[in-house]
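Working notes for the structure below.
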Amino acid sequence: MLFNSYEFIFLFLPVSLSVYFLLNRMKLTIGASAWLLFVSLFFYSWWNVKYLPLILGSILFNYTIGGLLADSDSNRKQTIPRRMIFLFGVTANILFLSYFKYMDFFIANINTLAGTTLPLLKIILPLGISFFTITQIAFLVDAYEGVVIEKNLLNYALFVTFFPHLLAGPILHHKDMMPQFANVRNKVLNYRNLTMGLFLFFIGLFKKVILADDLSATSKLGFQMAQSLNFFEAWVTSLSYTFQLYFDFSGYTDMALGVGLMFNIVLPRNFNSPYKATSIIDFWRRWHMTLSTFVTTYIYTPILRSFETFSYRKSLFAIFVAMLICGFWHGAGWTFIFWGALQGAALVVNHLWRKRKFTMPRWFGWFLTFNFFNISLVFFRAKDWNNAVYLLKGMVGLNGFLPATMLDTVRARGVFTSKFGDTLLSDVGGSNRTLLGLIIAMIFVLALKNSNELKDGFQPTWKTCAFMVGISFYAFLNMGKVTEFLYFQF
């Protein structure tokens, strides 16, 4: 089930909230938790119920491993060393994820290197597998280090499956979430949290339906026709995807945080105006913030600890490897690995730049950071290496800039001069609309307050009510066909 669907907004969410708080009001707190677990699993199964046993099996396995770690920590005479239990649990999770997400990638590369013809398994990736797997890996690490202990299966299952974050994050930590579920005050309907949650939800819905989905048509066409795009068309394509990805993913996050607030649960922030960043280090403190925290805590730090002695060079190496792994986590393809390598290399350069105390104007730092990320996303989005190279050729002008009759062309159909432009005019509504959409997107990310800032200043006044009604009504009018969120694919 998708947040941007009528059945979620007008049926699933109201029923889930009503029954949850009704059960709590009747002091049936265990029943309320069981209800929340049930609706979360129902939410997950809506797309394809056959994947329900996978997530249930993953939950039972990790809960068992977590329990063994807790028991062995209290009993020093355990038969199996805690480290062996921990390594077994983490390895099993990695193999589980690798089978569904990377098996065809491995087979294809074996066929290429060895000249074999092994058939691809063509496994359909279960929704949310990347997120609920790394959430549980983090739990096992924390359990091994004695940070968390969970003895209640219902609580653990609810922590993993709580439906607002289940499919695409933000990435949660057990020690941050379970005290909120246990807090008695959170079991009573809070009208301020309810209205603030609706406020955030409709901001996210607006981002997804009005901004992201509108730009998706341009980016999709552009990448399909990358080989023939000129300079302006290629840049419009790449920028369209860059803004589409931000509004789509941050829109999902806003809706997830909003729904969480309705249940009196504060989920961690995941975005903080990343396109305002003036360096790549600053960028990764603002973009997908819970993933950055996970990479730092559970990948970068263990790599650094693996060295007998610390050195600055080793820390830079750990940064690069951590981002390489981060890229591979996003998708089973060399383009994702290269994207991760680009991010790692940029972070290394940025750290070296800071160590030598070089400076540059803030506006130029922003310009370099934004354009670097925009260009790197070409590899993130492209279906293969050749597709990425084609678009990059267009972006550097190897397919031309504008024809000699530029002025007439611009007046007739904007900057688009190829078949891409013709298709765009007929299918999307015109190049001028696309350019206007990009300008509006730039204004949104650079000049206006982000959703976190709007929430922090939230006051339930008639102006706020009018704003919510306006953006929700406009979003409903434009919802049409329900579209999936981009990060459901990762």
What is the helix-to-structure angle for 82-114, meaning the angle in degrees between its Cα long axis and the longest Cα principal axis of the chain, kept from 0 to 90 and rounded to the nearest 10? 30 degrees
In the chain, with Lys and Arg counted as +1 and Asp and Glu as -1 at Cβ, which of these residues, PHE232, VAL184, PRO119, has the Cα nearest the positive end of the dipole, that is, farthest along it? VAL184
With a/c under 1.5 counting as rounded, go ahead and sort the stretch 40-163 into rounded, prolate or oblate using the C-alpha gyration tensor (a ≥ b ≥ c being the square roots of the eigenvalues; past the cut-off, prolate if a/b is larger than b/c, else oblate). oblate
Stretched out fully, how many nm does the piece from TYR191 to THR293 gain, at 0.36 nm a residue minus the Cα gap? 33.6 nm
Accessible surface of the stretch 219-264 [probe 1.4 Å, protein heavy atoms]: carbon and sulfur percent: 63 percent
Helix 312-330: inclination vs the chain longest Cα principal axis, degrees, rounded to 10, gives 90 degrees
Suppose R0 equals 60 Å. What FRET efficiency, 1/(1 + (r/R0)^6) with r the Cβ-Cβ distance, do SER5 and GLU145 give to the nearest 0.05? 0.90
Determine which aspartates and glutamates satisfy two conditions relative to LYS187: a Cα distance under 14 Å, and not lying fewer than 8 residues away in the same chain. none
Give me the distance in nm between label points sitting 7 Å out from Cα along the Cα-to-Cβ direction at GLU308 and VAL349, one decimal. 3.5 nm
Computed about the Cα centre, the charge dipole of the chain from +1 Lys/Arg and -1 Asp/Glu charges at the Cβ has a magnitude in debye, to the nearest 20, of 960 debye
Lys and Arg at +1, Asp and Glu at -1: neighbours of ALA475 with Cβ under 11 Å from its Cβ sum to +1
Gain on full stretching of the segment that runs from TRP462 to ASN109 - 0.36 nm per residue minus C-alpha separation: 121.1 nm
Could you give the angle, 0 to 90 degrees to the nearest 10, between helix 334-355's Cα long axis and the longest principal axis of the Cα atoms of the chain? 90 degrees
Distance cut-off 18 Å, Cα to Cα: go down the list LYS314/LYS357; LYS101/LYS383; LYS314/LYS355 and report the pairs above it. LYS314/LYS357
Mean-position separation - Cα centroids, the stretch 329-383 and the stretch 1-39, in angstrom: 41 Å
Filter the cross-link list LYS276/LYS455; LYS50/LYS220; LYS208/LYS463; LYS207/LYS393; LYS220/LYS276; LYS207/LYS449 down to pairs whose alpha-carbon distance in this structure exceeds 21 Å. LYS50/LYS220; LYS208/LYS463; LYS207/LYS393; LYS220/LYS276
What accessible surface, in Å², does a 1.4 Å probe find on ASP176, ignoring ligands, DNA and RNA and rounding to the nearest 10? 80 Å²
Along the three principal axes, how long is the chain when you take its alpha carbons, biggest first, rounded to the nearest angstrom? 81, 60, 53
Which of the trypsin sites (Lys or Arg not before Pro) found in the stretch 220-277 are loop residues per DSSP with 13 or fewer other Cβ atoms within 10 Å of their Cβ? none
One point scatterer per Cα, no solvent, Debye formula: log10 I(q)/I(0) for the stretch 198-331 at q = 0.09 Å⁻¹ comes out as -0.38
Determine the sum of side-chain charges near ALA138: Lys and Arg each +1, Asp and Glu each -1, restricted to other residues whose C-beta is under 15 angstrom from that of ALA138. -3
Let me check against my output: what whole-number percent is the relative contact order of the stretch 159-282, with C-alpha pairs under 8 Å and at least 6 apart? 39 percent
Pairwise label distance in nanometres, ILE30 with ILE439, each label 7 Å out on the Cα-Cβ vector: 6.3 nm
Listed residue (PHE476, PRO302, TYR312) projecting farthest to the positive dipole end of the chain, Cβ model: TYR312
Tell me the mean residue ellipticity at 222 nm calculated for the chain from its helices only (DSSP H runs of n ≥ 4, each -39500 (n - 2.57), averaged over every residue, nearest 500). -22000 deg cm²/dmol
Would you work out the charge dipole size for the stretch 49-124 about its Cα centre, treating the Cβ of every Lys and Arg as +1 and the Cβ of every Asp and Glu as -1, and quote it to the nearest 20 debye? 100 debye
Relative contact order computed over the chain (Cα-Cα under 8 Å; 6+ residues apart), in percent: 19 percent
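The values are calculated or read from the model by the stated rules, or taken from the named source; none is laboratory data. Not measured: the values here are computed from a predicted model. Please note: Cβ atoms are built from the backbone with ideal geometry, for glycine as well, and neighbour counts cover all protein chains shown. SASA here: full protein model, heavy atoms, side chains in, ligands and nucleic acids out. Shrake-Rupley method; radii C 1.70, N 1.55, O 1.52, S 1.80 Å.
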